[in-house]
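The values are calculated or read from the model by the stated rules, or taken from the named source; none is laboratory data. Source: prediction; values computed, not measured. In this analysis, Cβ positions are derived from the backbone assuming ideal geometry, glycine residues included, and neighbour counts consider all displayed protein chains. Calculation scope for accessible area: heavy atoms of the full protein, side chains included, ligands and nucleic acids excluded. Shrake-Rupley method; radii C 1.70, N 1.55, O 1.52, S 1.80 Å.
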Amino acid sequence: MSISLRHIDKAFNQMVIYRDFSMNIPDKRISCILGPSGCGKTSLLNMIGGILPQDHGSIEGAKEKQFSFIFHEPRLLPWKSIRKNLELVLDNQPIANKNQLIDRYLRVVGLEHFADYYPGQLSGGMKQRVAIARAFSYPSDTILMDEPLQTLDPRLKWNLMKTFLKIWNKDKRTVVFVTHDVDEALVLGEEIFVFSQPPVQIKHQFTNTLSEQDKNNENQKFFDLKNSIINILD
Amino acid sequence: MKISSSKNRGYTLLSILFLLGTWKVASMLIGSELILPAPEQTALSVGELFLEQDFIRIVSATIVRGLLGFAISFLLAIILGTWAGISAPFHAFLQPILVTIRSTPVISLILLALIWFDVGQVPVFIAILTMFPFICTNIAEGIRNLDPKLIVMARIYRVPTRRILKDIYLPGISPFIFSGVSSAMGFGWRAIIIGEVLSQPQYGIGTFMQNAQTYLLVDKVIAWTVIAIVLSYLFDQLIQLIEKYSLTWKYHQP
């Protein structure tokens with residue numbers, strides 16, 4: 001069952017972010033929410049994930065879902081090794097061989113040799129890779145991503161997006177990816193929702209038809225699409 | 001953290017030599033053993049203390065008081081400090097009390113304690129009042145400083161509460177606990193000995209320091225002081241050792 005938001009109202013103090021807002025999140029696809037900073041994208045993820053209550057309206061299909069979350073910052077415990085960090089979220093989960101699972105996902109993100117390192121010994125990009133490995137090793141059906149690439153330099157960012165797609169193609173879960181960066185949206189997003197300033201409305205919604213090869217900054221199609229979206233955003 | 005290179009170790013040695021040298025020169029200038037004995041004579045007196053029949057008993061009496069005071073302060077601090085860390089109103093309520101305790105001169109507390117308690121209890125009472133505020137404040141600060149984002153992460157990933165306590169709260173506040181314990185111990189030993197000097201329990205470093213002072217045995221007073229310093233130093237080292245062992249991750253920061 002897909003997740004659908006029905007007639008959501010949400011305000012912070014006097015500031016209305018959502019008023020009678022509805023949207024559908026398709027199953028097993030990467031939905032990308034693209035919008036200006038401060039338009040309440042993070043609040044939307046938090047409401048879907050159940051850590052922020054909406055004022056009115058309902059979110060259907062979310063209760064029975066299990067969520068992974070890739071945050072803006074890695075959110076790793078500095079006092080635990082990478083392996084133990086992953087092990088912590090698997091504690092309550094019915095998984096036969098946790099170590100094997102951890103090893104597998106660390107290998108996919110290219111960190112198999114760092115299992116016994118502490119987060120403080122890794123770079124920002126590596127830590128965000130660990131967060132991705134944590135999200136996929138956790139038996140969730142939905143992955144929520146809150147601008148996890150924003151603090152990385154462009155080369156690392158492209159690398160990490162490729163890694164993410166590689167994993168996701170083998171293990172298709174519902175993904176809600178929030179960003180204000182058009183490049184990120186076009187590379188990762190399948191269904192792209194362009195949000196307005198609050199109170200939020202969906203200004204534009206389309207299915208991303210760019211092929212893997214088209215997804216680079218030198219490609220004409222990519223470039224044209226990017227410009228048309230920037231126009232919509234403004 | 002405190003990782004002293006061999007170069008710094010040289011300076012440490014130099015500092016000790018400087019202290020001893022100054023002491024030696026001062027004793028030579030004064031020229032009277034009765035007023036200020038030379039370091040080597042004091043070393044002899046320390047040696048004599050070891051041979052004294054009741055030495056172990058005296059020192060262990062002080063240690064037991066210290067540990068008892070510490071245990072009670074620690075327990076109280078865990079309860080009240082955790083509460084203050086979680087609840088802002090209780091923090092606001094506790095703050096003036098802690099400040100008052102910390103600002104009260106130790107000697108006033110002792111004078112009052114002498115009226116209120118048995119002599120044996122006075123140093124323990126003093127130890128509790130001296131150590132408790134340090135540990136309590138640090139535990140509260142530790143909890144207040146804990147990154148709420150980590151807790152949110154754990155909640156989303158449905159980490160069981162017992163593991164959130166054991167694997168996020170506890171390690172998160174341990175550096176604060178250690179620094180609290182370390183300062184508490186430093187002040188605690190001094191307070192206990194002052195307490196013993198004034199309350200005169202049967203055994204205790206302070207008691208014997210006071211006895212020596214009464215008979216103007218300066219070398220003995222200094223010898224007991226050396227014992228007190230060594231005691232405090234050993235406990236400090238012990239705490240550092242435990243800290244180093246349990247906070248391995250701290251030493252893995254770039």
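For this structure, a couple of remarks:
- Condition check for residue B:115: farther than 30 Å from residue B:24 by Cα, assigned by TED's automatic domain parsing to the domain that holds residue B:222, open to solvent by 60 Å² or more (accessible area, probe 1.4 Å) and without any contact (Cβ under 8 Å) to a residue 24 or more places away in the chain: yes
- Residues (within 10 Å of chain B (Cβ to nearest Cβ) and under 24 Å from residue A:169 (Cβ atoms)) located in the range A:87-119: A:89, A:90, A:93
- The set of residues in the range B:213-254 being surrounded by fewer than 18 Cβ atoms within 10 Å (Cβ to Cβ) and among the small types (Gly, Ala, Ser) consists of B:246 alone.
- Members of the range B:206-246 found to be within 14 Å of chain A (Cβ to nearest Cβ), out of contact with any helix residue (DSSP H, G or I) (no Cβ under 6 Å at 6 or more places or on another chain) and not basic (Lys, Arg), listed by number: B:245, B:246
- Subset of the range A:72-86 (residues that are more than 7 Å from every other protein chain (Cβ to nearest Cβ) and under 21 Å from the mean Cα position of the chain (by Cα)): A:72, A:73, A:74, A:76, A:82, A:85, A:86
- Of the residues making up the range A:174-197, those that are in a loop (DSSP other than H, G, I, E, B), surrounded by fewer than 21 Cβ atoms within 10 Å (Cβ to Cβ) and not hydroxyl-bearing (Ser, Thr, Tyr) are A:180, A:181, A:190, A:197.
Residues are listed down the side, and each one gets a yes or a no for (1) outside any loop (DSSP other than H, G, I, E, B); (2) within 26 Å of residue A:63 (Cβ to Cβ); (3) among the aromatic types (Phe, Trp, Tyr):
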| site | (1), (2), (3) |
| --- | --- |
| A:135 | yes, yes, no |
| A:150 | no, no, no |
| A:166 | yes, no, no |
| A:200 | no, yes, no |
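- Meets criteria (closer than 30 Å to residue B:119 by Cα, without any contact (Cβ under 8 Å) to a residue 12 or more places away in the chain, in a helix (DSSP H, G or I) and within 27 Å of the chain's Cα centre (by Cα)) for residue B:68: no
- Qualifying residue in the range A:27-37 (condition: within 20 Å of the chain's Cα centre (by Cα), open to solvent by 60 Å² or more (accessible area, probe 1.4 Å), more than 14 Å from chain B (Cβ to nearest Cβ) and hydroxyl-bearing (Ser, Thr, Tyr)): yes
So that you can scan it fast, the table gives a plain yes or no per residue for (1) open to solvent by 10 Å² or more (accessible area, probe 1.4 Å); (2) in contact with a strand residue (DSSP E or B) (Cβ under 6 Å, 6 or more places away or on another chain); (3) not in a loop (DSSP other than H, G, I, E, B):
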{"residue": "A:125", "(1), (2), (3)": "no, no, yes"}
{"residue": "A:144", "(1), (2), (3)": "no, yes, yes"}
{"residue": "A:210", "(1), (2), (3)": "yes, no, no"}
{"residue": "A:218", "(1), (2), (3)": "yes, no, no"}
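- Those residues of the range B:156-174 which are under 21 Å from residue A:68 (Cα atoms), facing another protein chain (nearest Cβ under 7 Å) and surrounded by 14 or more Cβ atoms within 10 Å (Cβ to Cβ), in sequence order: B:156, B:157, B:158, B:159, B:163, B:167, B:168
- Only one of the listed residues (A:205, A:197, A:220) is at negative phi and in contact (Cβ under 8 Å) with a residue 40 or more places away in the chain. That residue is A:197.
- Qualifying residue in the range A:150-171 (condition: at pLDDT 90 or above, under 18 Å from residue A:30 (Cβ atoms) and touching a strand residue (DSSP E or B) at 6+ places or on another chain (Cβ under 8 Å)): yes
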